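Scroll down for the structure; my scribbles are underneath it.
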Amino acid sequence: MSFTLRTATEEDLPALRELMALAIDTLQHGFLSPEQIVASRAVMGLDTQLIADRTYFMVEEEGALAGCGGWSRRATLYGGDHSVSLREPRLLDPATEAARVRAMYTHPSFARRGVGRMILDQCERAAAAEGFDAVELMGTMSGQPLYAAAGYRPIEEVTDMVDGVPVPLVRMRKELEASSSQRKLGS
C-alpha cells in the first residue's frame, strides 16, 4: 500500500474536520490532561483560507484519509476558522518573513507511518518555490517530536489560556535549503 498526496478542496471539508477532531481527541493523550485536550479544540482546527489558497494537502491510502496539513503565505500562525482573535490574513514578505506550516493532523490509525513527514516535505518545497527561506509553525506537545526530527527548532514557548485552562504550545522554525536556482546563482 502506498500513500498519495493531493491538494484539498472545499468538498473535502467534512472529512477533514472529522479527522481533526479525532486526532485532537486521541493523539494528545499522554501529552495533555483531559481538560487541556478539550481546551485545545478552541485553538486548533481548520482554517479554510488554506483551502481557498490551495495550500492545504491530504494524504490518502486507498481512499482512506491518513492525514492533512498545509502551509501559508499569510501571517496567521495557528488556529482555525473559529479562532478569530488569532487570524491575521496579511500576506507575508518572503524576503523577510517565514512561511507558515499549518493545521497538521494525522489519523490515529496512520500515526508514525511517515504521513506527517510527507506533508511537511510538500509544504517546505512549496514555500521554497515561492521564495521563502524559512518556515515557522506552532507545535502542539504531541507534534513536537515530529517537527524536531524534521529539523524544526523551538524559538518560543507559548501558553494559550482557554477558559482558565493552559494549552502549552511551542513556536518552531526551520531554515529551508536554497532552491536549485539560488544555488546556480551562487556558483
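Since every read-out is calculated from the coordinates, none of them should be taken as a lab result. Values in this document were obtained by computation on a predicted structure and should not be read as measured data.
General observations
- Rg over Rh, two decimals, region 97-176 (C-alpha only, Kirkwood Rh): 0.99
- Under 5 Å, built H, 5+ apart or other chain: amide partners of GLY67: VAL59, HIS107
- Semi-axes of the equivalent ellipsoid of the chain are 25, 20, 16 Å, computed as sqrt(5λ) over the eigenvalues of the C-alpha gyration tensor in descending order.
- Antiparallel DSSP beta bridges within the chain, as percent of all bridges there, nearest 5: 90
- Between the helical axis of 115-129 and the longest alpha-carbon principal axis of the chain there is an angle of about 40 degrees.
- On Cα atoms only, tilt of 13-27 relative to the major axis of the chain in degrees: 70
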